[in-house]
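Novice: If you scroll down you'll find the structure; I have some questions about it.
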Amino acid sequence: MADDQNNIRTGELENESETPHFDALFAQYSTSDGTFGTEHLGSLLVDMGFNASPKVIDRALDDMDPNATGEIAKLTFLEWFEENADDIDDAPAAPTQSSLLASRTQQQEEAYSELQSAMLDAKKQRQQAENDAQLLANRLTHLRAEDARAQKRIEEAKRRAREIEAIKKRNEDKQRVKQEALEQMQRDIKAQREYNNAVQSLSRERRNQVIAEYTSHRAQIVQDARAERKTNLNQIKQQRREIDRGWRSVRRRFETRKDALYVSGRLRKRATRRSCSKKHVTNWLRSTRSDCCPRRRSTAWRRRSRADCEAESDAGATARSLRRA
């Protein structure tokens, strides 16, 4: 990740350079991979207008090249320069103009002019280097802020990825639990269906057995009822025959007694008729004798009527006794 960010920064610096003067100085000592050798550090500082002591150069090498690789990256140098620019010794001050006038010659004037021009150029380069360093510092600050925002976005993306992964895992767990519950429910339904089929089969067998037993029992009941009915009919017929025989015997006895009563009644009637004829004659004679006495005549009539009533009542009692028998 750090290498990728360095590469991005290097590419941005190369594409959008804000320090052209420093880039021109750095290009004199840089290699193809954007670094320069540690032996050129003093020369680069001198070109930038700084007169660094060996002690400062050693401390700088310790900071920028702790592993003693012999190479220093451009970005690493700029970061070090931003932090330690105030600690680097300035270039030696130029000699005063009065002393120069005292001992200068034509050649010295030319040399002094060249030196003054070089010092002015060096000062300009130093000012430009400082400006470049400030621009680089601002650019580094901007890049660090961009890096922080990118890192924040990366962390946010990672957090969202973790949340999505957690949600995905929860959904998978829920789906697995749901699938297991569905499979368990299907197994339960299958087991319940098999149990219901077994129960229905057993119930069907029991129902068929009960129906068979009921049919057999009913047939047995019908057969027993028919046999009992036949037996009862035979008994009733036997009883009717016995009753008929009894009634016939009673009828024969009644007819025999009736015949006897009839004969005796005829005889009684005949005897009564004879007695009545005799009484009639006697009564007639009495009536003729007592025509002059109405009271005697009515008494005789009442006597005759009473005798007739007694005869008739005796005949009725005899008939009732015969009916009872």
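Novice: Measure off 7 Å from each Cα along the Cα-to-Cβ vector at residue 191 and residue 82, then give the distance between these two points in nanometres to one decimal.
Specialist: 7.2 nm
Novice: Viscosity 0.890 mPa s, temperature 25 °C: give me the Stokes-Einstein translational D for segment 23-87 in µm²/s, with Rh taken as the Kirkwood radius over C-alpha pairs. It would help to have the intermediate numbers written out before the result.
Specialist: Values: Rh = 11.9 Å.
Once the numbers are plugged in, D ends up at 207 µm²/s.
Novice: Grab the beta carbon distance between residue 55 and residue 164, set R0 = 45 Å, and tell me the FRET efficiency rounded to 0.05.
Specialist: On the way: r = 56 Å, r/R0 = 1.25.
That gives a FRET efficiency of 0.20.
Just so you know, all these numbers are worked out from the coordinates, no wet-lab data involved. This structure is a prediction, so every number in the text was calculated from the model and none was measured. Glycine also receives a Cβ, built like all others from the backbone with ideal geometry; neighbour counts cover every protein chain displayed.
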